[in-house]
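Worksheet for the structure shown next.
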Amino acid sequence: MAATKSEAADPIYKKIGELIRQYRTHPGGPNLSQDELGRAISLTRASIANIELGRQKVLAHTLIQIAAALHVAPEQLLPNGIATSHEAIFPRSLRAEARQWIESAIQNNCVNVLR
């Protein structure tokens with residue numbers, strides 16, 4: 001299953017759904033129906049409707065597929081209040097050396113960092 005369902009719409013998933021709908025129906029964008037978007041990423045129209053209403057939680061790989069179908073970057077489908085920066089993942093107690101190593105790995109896409 002591509003996503004999980006919950007009874008009440010979580011505000012974060014509701015906003016993600018609103019953003020998906022906004023990009024899906026944007027006149028300058030792909031202007032896809034729910035059915036067309038669903039077929040493009042192997043989900044049903046009902047699943048797309050539930051995602052857009054925030055009733056169905058979107059898994060990371062599904063969000064990436066939706067973004068690709070809508071020709072937008074995945075982070076464009078995330079609300080502004082969600083931390084998308086690697087800074088948000090650092091615990092406050094993390095030593096400066098460890099933080100620098102992690103930042104270096106992220107910046108270099110982990111290439112040559114372990115050598």
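Just so you know, all these numbers are worked out from the coordinates, no wet-lab data involved. A quick note: this is a predicted structure, and the numbers were derived from the prediction, not measured. All Cβ positions, glycine included, derive from the backbone under ideal geometry; neighbour counts span all protein chains shown.
The figures follow:
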quantity: Hey, residue 46 of a type in the set (A, V, I, L, M) and farther than 17 Å from residue 74 by Cβ or not; calculated: yes
quantity: Flag for residue 69 being more than 9 Å from the chain's Cα centre (by Cα) and without any contact (Cβ under 8 Å) to a residue 40 or more places away in the chain; calculated: yes
quantity: Considering residues of the range 44-61 that are under 10 Å from the mean Cα position of the chain (by Cα) and either among the small types (Gly, Ala, Ser) or buried (at least 19 other Cβ atoms within 10 Å of the Cβ) (or both) only, the residue farthest from residue 23 (Cα to Cα); calculated: 60
